[in-house]
1. Filter the range 90-127 down to residues that are of a type in the set (D, E, K, R) and out of contact with any Phe, Trp or Tyr (no Cβ under 7 Å at 6 or more places or on another chain) and give me whichever is farthest from Ala10 (Cα to Cα).
2. Name the residues in the range 1-40 that are away from ligand 2 (no atom under 16 Å from the Cβ), small (Gly, Ala, Ser) and either assigned by TED's automatic domain parsing to the domain that holds Ile160 or out of contact with any Phe, Trp or Tyr (no Cβ under 7 Å at 6 or more places or on another chain) (or both), would you?
3. Surrounded by 14 or more Cβ atoms within 10 Å (Cβ to Cβ), closer than 28 Å to Pro179 by Cα and touching a Ser or Thr at 6+ places or on another chain (Cβ under 6 Å) - does that describe any residue in the range 84-97?
4. Just to check your reading of the model, which residue among Phe145, Phe172 is within 21 Å of Arg74 (Cβ to Cβ) and part of a helix (DSSP H, G or I)?
5. Is it the case, given these coordinates, that Leu195 is buried (at least 17 other Cβ atoms within 10 Å of the Cβ) and either away from ligand 1 (no atom under 15 Å from the Cβ) or at pLDDT 95 or above (or both)?
6. Can you pull out the residues in the range 44-73 that are under 19 Å from Arg115 (Cβ atoms) and open to solvent by 50 Å² or more (accessible area, probe 1.4 Å)?
Amino acid sequence: MLLRNPAFPAATAQWLQPGFWGEQARPVAVGGRGGAWFVHSDAGEFVLRQYLRGGLVARLSRASYLFTGYRRSRAIAEFRLLQQLRELGLPVPEPVAALVCRRGLWRYRAAILLRRIAGASPLPEAPGMDDALLWQRTGQMLRAFHDAGLDHVDLNCDNILVADGALWLIDFDRCRLRPASREDKPWKRRNLARLRRSVSKRCQGVAWPVLWAGLLEGYRR
Ligand SMILES: Nc1ncnc2c1ncn2[C@@H]1O[C@H](COP(=O)(O)OP(=O)(O)O)[C@@H](O)[C@H]1O
Ligand SMILES: [Mg+2]
């Protein structure tokens, strides 16, 4: 099953297969677990991602998941969530297409194609990443997502992108929209605790505790 953004009527299932693009697709070097490519094409600049498992289960089956219906498949769920977040005016990439391929009765493989954010770098590698104001603005952005109810289950600093000073959030696999609320919630704390751990590992070259304090200030404002 192919789900397509009407803005890309030419998209086909082949677009979701890295082999189709040949030299036009190159692996994303940093910040992922593999299975992601930058695609350069006449139709635009895209990011292609296959859903792959990490950890121990990956040894059994790295790319296939238990099928429990298309709407619940990883790719369709992420595509829909991205559309919802965009409708709320939140800074997330535009989904182009999602593909789910059944494998036998019980399993499926999936991929998603997104519009690439031009000139984006993950926060730890962004120019001026040690600018306190950038971290405050990151906190404000995360607060807007949290107020909207977005529970980002893999909130790490490589999933925050900076492009020309603008901030974006990416990588919504398994994430969900909870009821919108400005209140403090345990899941919001869990998101932030995970991000803090990732910052402490990825940003060791700078005075990250100071930057983190700025982020919290922006978040709480
Ligand atoms: N829409 C996008 N525009 C630009 N770069 C992206 C985009 N989506 C992903 N990337 C880059 O690819 C990396 C991996 O993508 P991500 O969605 O985080 O998958 P995963 O972490 O599961 O490998 C990101 O850290 C980022 O560097
Ligand atoms: Mg990621």
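The values are calculated or read from the model by the stated rules, or taken from the named source; none is laboratory data. No experiment lies behind these values; they were computed from the predicted model shown. Cβ sites come from the backbone with ideal geometry, for glycine too, and all protein chains shown count toward neighbours. For the accessible areas, the whole protein counts, side chains as well, though only heavy atoms, and no ligand, DNA or RNA atoms are used. Shrake-Rupley method; radii C 1.70, N 1.55, O 1.52, S 1.80 Å.
1. The residue in question is Glu125.
2. Applying the first criterion (away from ligand 2 (no atom under 16 Å from the Cβ)) to the range 1-40 yields 1-26, 39-40.
After this cut, where a residue has to be small (Gly, Ala, Ser) as well, the list is 7, 10-11, 13, 19, 22, 25.
Matches in the range 1-40: Ala7, Ala10, Ala11, Ala13, Gly19, Gly22.
3. no
4. Being within 21 Å of Arg74 (Cβ to Cβ) and part of a helix (DSSP H, G or I) holds for just one of Phe145, Phe172, which is Phe145.
5. Numbers: buried (at least 17 other Cβ atoms within 10 Å of the Cβ): yes; either away from ligand 1 (no atom under 15 Å from the Cβ) or at pLDDT 95 or above (or both): yes.
It is true that Leu195 is buried (at least 17 other Cβ atoms within 10 Å of the Cβ) and either away from ligand 1 (no atom under 15 Å from the Cβ) or at pLDDT 95 or above (or both).
6. Step one: filter the range 44-73 for residues under 19 Å from Arg115 (Cβ atoms), giving 44-51.
Matches in the range 44-73: Glu45, Gln50.
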